[in-house]
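Every number here is computed from the coordinates shown, using simple stated rules; none is lab data. This structure is a prediction, so every number in the text was calculated from the model and none was measured. Here Cβ is always computed from backbone atoms with ideal geometry, including for glycine, and neighbour counts include all displayed protein chains.
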Amino acid sequence: MILNRNAGIGLFEKNTYNEEGLFLFDFNTQKRIYLKAYSDWKPESVSSDGNKIAITNYPSTKTKYSKTDLVVMDLNSQNVLLDTHKYFVLDTAFDVTGNKLLVTAHKMKTFCLDIFKNEIIAELLKELRLYKGDLDPEHNSFIMPCEKAKDTCYTFDFTTGKTGIQKLGIKERICRIRYSIDLAHLYAISEANILYCFDRNYKIKWSKNFNDTGRINSSDIYLTDNSMYIAVEAHDVKTNDWGTDFVIESHSGEIVNRIEGYQYRGRFATDYFKNRVLLHTFKTIDLITGHVSEEKII
């Protein structure tokens, strides 16, 4: 599941809760559009303006590292802008214009693809995963953690094509990093099970250690659209086999709510609107009250 809150566009794959196949949902018009020619494809990215999507598909005769089909589509015209079968794609990320695409592929350096030319215009490193990083739309740059080196993130400037190294002043590898909604801060989860908040000069504002409560180092970072709260999922929680979700006040780093998981509720999937998170069941959960919606929202 991918939901672009700014554009009000969601892209949802075929699964147990959606047996009809890949579809686009416009939250502004409440319109659902099935991409019938791509029913079994996987959503990869939605551009900042919501006008372009990247999707991938494995061939029917796949081997362990078969190359995948990668398609970039313009939603307004329904035109396919890019259709390639050159890479075993792991994840992708658009630049702010939607004209360039970062791609992580198996046994290749992460690279930047010019969508209209279908050309690689810059190369980065191999030890990067885009889904662990985030786009800075103000500067049209992307930050992502290095999977091998401790205290190391890489930045890529889409405009200049240059790669930079950013140290955060911690001793651990970084598992996930994300900008706040207002872009004033960055939040990061480290392999040591610590959630950090940094200012834009990469100085630590606060940190929260979760080692006494559960493992958060495989969690995503969920943000409310008013920038007031952050949420993380904790696994291996001694008191609850279904895990526990923690809601943190973004300015102080204090835990303001603890939501206990339970069977069939569904895990967090992606940010939703206001103070809610969308679950894999297509229901939503309110981070302040812990209330789960009775009906699916789409």
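Given springs between every Cα pair under 10 Å in a Gaussian network model of the chain, which of 253, 133, 161 has the largest fluctuation?
Looking only at 253, 133, 161, the biggest GNM fluctuation is shown by 161.
Pop the C-beta distance of residue 239 and residue 192 into the FRET formula with R0 = 22 Å and round what comes out to the nearest 0.05.
0.55
Short version: ³J(HN,Hα) in whole Hz for each residue of segment 226-232, in order, from phi by Karplus 6.51 cos²θ - 1.76 cosθ + 1.60 (θ = phi - 60°), x for Gly and Pro, what are they?
Residue by residue, segment 226-232 yields 9, 6, 7, 10, 10, 9, 9 Hz.
With contacts defined as alpha carbon pairs under 8 Å and 6 or more residues apart, what's the relative contact order of segment 1-124 in percent?
About 15 percent, as a whole number.
Place +1 on the Cβ of every Lys and Arg and -1 on the Cβ of every Asp and Glu in segment 1-124, take the dipole about the Cα centre, and give the residue among 72, 111, 10 whose Cα lies farthest towards its positive end.
Positive-most Cα among the choices belongs to 111.
Report, in debye and to the nearest 20, how large the dipole of segment 133-197 comes out about its Cα centre when Lys and Arg carry +1 and Asp and Glu carry -1 on their Cβ.
The calculated dipole for segment 133-197 is roughly 280 debye.
Anyone know which of 141, 48, 252 comes out most mobile in the 10 Å Cα GNM of the chain?
252
Given N residues in the chain, what is its alpha carbon radius of gyration divided by 2.2 N^0.38 Å?
0.99
Could you let me know the centre-to-centre spacing of segment 272-286 and segment 123-188, using Cα atoms, in angstrom?
So the two Cα centres are separated by 26 Å.
Anyone know which of 92, 239, 213 comes out most mobile in the 10 Å Cα GNM of the chain?
Judging by the Gaussian network model, the answer is 239.
Name the residue from 256, 58, 125 whose Cα lies farthest towards the positive end of the charge dipole of the chain, charges +1 on Cβ of Lys and Arg and -1 on Cβ of Asp and Glu.
Working it through, the farthest residue towards the positive pole turns out to be 125.
Given just the C-alpha atoms of segment 1-124, how large is their convex hull per residue in cubic angstrom?
108
Restricting to Cα pairs below 8 Å that are 6+ residues apart, what does the relative contact order work out to for the chain? Please round to a whole percent. Please list the in-between numbers first.
Numbers: 739 pairs, mean separation 24.1, N = 298.
Relative contact order, the chain: 8 percent.
According to a simple spin-label model (label point 7 Å from Cα along Cα-to-Cβ), what is the distance in nm between residue 288 and residue 13?
That separation, rounded to one decimal, is 3.3 nm.
Can you pick out the pairs among 148/171; 171/203; 14/100; 132/167; 150/203 whose Cα atoms lie more than 20 Å from each other? All intermediate terms of the calculation are to be shown ahead of the outcome.
On the way: 148/171 13 Å; 171/203 14 Å; 14/100 26 Å; 132/167 16 Å; 150/203 16 Å.
Going by Cα-Cα distance, 14/100 fall outside the 20 Å limit.
Can you compute the charge dipole magnitude of segment 1-124 about its Cα centre, using +1 on each Lys and Arg Cβ and -1 on each Asp and Glu Cβ, nothing else charged? Give it in debye, rounded to the nearest 20.
On the way: 15 positive and 15 negative charges, 57 e Å.
Using Cβ point charges on Lys, Arg, Asp and Glu, segment 1-124 gives about 280 debye.
Would you mind working out the magnitude of the charge dipole of the chain relative to its Cα centre, with +1 at each Lys and Arg C-beta and -1 at each Asp and Glu C-beta, to the nearest 20 Debye?
Numbers: 39 positive and 40 negative charges, 147 e Å.
Charge dipole of the chain: 700 debye, to the nearest 20.
Between residue 76 and residue 30, what's the calculated FRET efficiency when r is the beta-carbon distance and R0 is 25 Å? Round to 0.05.
So the FRET efficiency works out to roughly 0.85.
Please give the FRET efficiency for residue 251 paired with residue 207, using the beta carbon to beta carbon distance and R0 = 22 Å, rounded to the nearest 0.05.
That pair, residue 251 with residue 207, gives E of 0.95.
By how many nm would the segment from residue 273 to residue 42 lengthen if fully extended, with 0.36 nm per residue of separation less the alpha-carbon distance?
80.8 nm
Which whole-number percentage describes the relative contact order of segment 174-259, with Cα contacts under 8 Å and a sequence gap of 6 or more?
In percent, rounded to a whole number, it is 20.
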